[in-house]
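In what follows, a single structure is set out as structure tokens and then discussed.
Throughout, read-outs are computed from the coordinates displayed, never taken from laboratory work. A quick note: this is a predicted structure, and the numbers were derived from the prediction, not measured. No Cβ is skipped: glycine too gets one built from the backbone with ideal geometry, and neighbour counts run over all protein chains shown.
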Amino acid sequence: MTVDVDQPADRSVLTGKRILFGVTGSIAAFKAAGWVRELTAESVGVTVVMTGAAERFVSSLTFGALSGNPVYRDMFDEAPDRLMAHINLSREADCILIAPATAQTIARLAHGMADDLLATVVLAARIPVVLCPAMNSNMLSHPATRKNLRQLQDMGYHVIPADRGILACGEEGAGRLPQWESVRETLLRLFSPQDLAGKKIVVTAGPTREPLDPARFLSNRSSGKMGYALARTAARRGAEVVLVSGPVALPEPVGIRTIQVNTADEMRAQVVSLARNADIVIKAAAVADFKPEKYRRQKIKKSSAGTVIELEQNTDILAELGKTRQPGTLLVGFAAESRNHEQEGFRKLRQKNVDLVVVNDILGAATGFDVDTNQVLLVDGNGSRRLPLLSKVETANRIWDHVLTLNDSGALSGGV
Ligand code: CTP
């Protein structure tokens, strides 16, 4: 039986959220202007509060224009719509993001001071606060700043570690404003349901490469995008994720332990060992089914045209996990198909002894290799269910939703 699911708007959990963006006095304030732009492009409502020192670096006009909202600076502004701003601003927001956060602002917040608008807003707020420290590396490593940051973390503030590199003062060390990517990831985690919290999840992604000679290998067209989306979304939903990745052109996902492998044998060694402690293993990797029987130490010359390359089969890692599975481990496989999708999904579900098979149509223009969208069929012991055409990120979220329903309905062999 195939059930179609309504297509929801494909949007990130940030869309429609309201962020109170505190900017303090650091040379990195100009980078914060770019972040406001990133947020508004994702339809996040941004209201900026600047300290006096921040205005020495970037004009409030810049932040006003980029956010599309008036910028708040003065605690004693008497304009009617600004009275009680220190209380009202956080009531109207879902989260406070302070970037860059200077040593001075960090000290202020750690000591609960209320001597400027931003510090007062934070003190009066009952919403999550995210801090992005940026300063000279000696200031950052000073015991006073370290103690203040620890204290803020103990109070439940989210502190994103500063990056290392050459600082504006010319010194090298920790103190640079973190990359936008890690800040966005923190915000996504903050606003995602934590329904995978406590789960240990192994995700495999990408192709494998089976070497033939020093110059050549056998591989396939997998980009790794689906597997990386699964790893990212699981981490956002609170899981502890290990990503085992074949060679892909994607950056390692922020905050996720990523193990790079080349061959199917290397992937097998990692996955079999990691699976022993995992609650869920999801095999999105396109593992090469065959490898050259013999690796040639010297490059095969074109003069040897007519050479026959003998192939041998790689171990089916998923089937091996299915045979040796422990109760309580949930196994999810993928099926890359060009025809008989549903039938092949059920065959792989049975033959590999897994709980769920995600069937991919590799021929579709919007579902095949190296695209950002997918339309999959979920096949499990209860039947099959087709998801609509969605981004790979949204498809990944729907796969996790489905895994959680399997868990709730007790359909799994041992339960997650
Ligand atoms: N898989 C695996 N090890 C292999 C081959 C495949 O673990 N040596 C896993 C894939 O990661 C995927 C699932 O098995 O989760 C199905 O892979 P797919 O390539 O669709 O199918 P095959 O098992 O190779 O079968 P067929 O060639 O008949 O389609």
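Things to note:
- Cα gyration tensor category, rounded, prolate or oblate, for the range 268-349 with a/c compared to 1.5: oblate
- F334 long-range amide H proximity, modeled H, under 5 Å: K283, V358
- Under 20 Å from the I300 label point (7 Å along Cα→beta-carbon), backbone N, the range 205-231: 208-221
- Size of electric dipole in the chain: Cβ of Lys, Arg +1 and of Asp, Glu -1, about Cα centre, debye, nearest 20: 1080 debye
- Exposed loop sites here mean GluC sites (Glu not before Pro) with a DSSP loop assignment and at most 12 other beta-carbon atoms within 10 Å; the chain contains its longest site-free run at 172-292.
- Extension gain, E310 to S273: 0.36 nm times the residue separation minus the Cα-Cα distance gives 10.4 nm.
- Subtracting the Cα-Cα distance of R37 and D77 from their residue separation scaled by 0.36 nm leaves 11.8 nm.
- The range 18-190 - share of DSSP beta bridges that are antiparallel (%, nearest 5): 20 percent
- Exposure rule at most 13 other beta-carbon atoms within 10 Å, DSSP loop chymotrypsin sites (Phe, Trp or Tyr not before Pro): the chain longest free segment: 77-294
- The amide H of T373, built 1.01 Å from its N in the peptide plane, has K392 as neighbours under 5 Å, considering only residues 5 or more places off or on other chains.
- Shape of the range 121-230, Cα gyration tensor, a/c cut at 1.5: oblate
- Theoretical gain in end-to-end length, R126 to A174 [0.36 nm per residue, Cα-Cα removed]: 14.3 nm
- Residues A366 and Q194, FRET efficiency given R0 of 35 Å [Cβ-Cβ distance, rounded to 0.05]: 0.65
- Only the Cβ atoms of Lys and Arg (+1) and of Asp and Glu (-1) were treated as charged; on that basis the dipole of the range 28-151 about its Cα centre amounts to roughly 560 debye.
- Convex hull volume of the C-alpha atoms in the range 194-409, normalised per residue: 131 Å³.
- Farthest positive-ward along the chain dipole, Cα basis, beta-carbon charges - from I256, T307, I362: T307
- Cα gyration tensor, the chain - rounded (a/c under 1.5), prolate or oblate: prolate
- Pairwise alpha-carbon distances in the range 326-375 exceed 11 Å for 67% of all pairs.
- Span from the the range 87-118 Cα centroid across to the the range 351-392 one, whole angstrom: 45 Å
- Placing +1 on the Cβ of every Lys and Arg and -1 on the Cβ of every Asp and Glu, with no other charges, gives the range 194-409 a dipole of roughly 520 debye about its Cα centre.
- Leading residue at positive end of dipole, the chain (Cβ point charges), from F334, H111, N148: F334
- Once exposed loop trypsin sites (Lys or Arg not before Pro) are cut out (DSSP; at most 16 other Cβ, 10 Å), longest piece of the chain: 12-125
- Per-residue ³J(HN,Hα) for the range 94-100, Karplus 6.51 cos²θ - 1.76 cosθ + 1.60, θ = phi - 60°, Hz, x for Gly and Pro: 9, 6, 10, 10, 10, 8, x
- q = 0.12, 0.13, 0.15, 0.21 Å⁻¹: log10 I(q)/I(0) that the Debye formula gives for the range 18-190, counting C-alpha atoms only: -0.49, -0.57, -0.78, -1.62
- Sites R216 and R18 - FRET efficiency at Förster radius 41 Å, r taken between beta-carbons, to 0.05: 0.15
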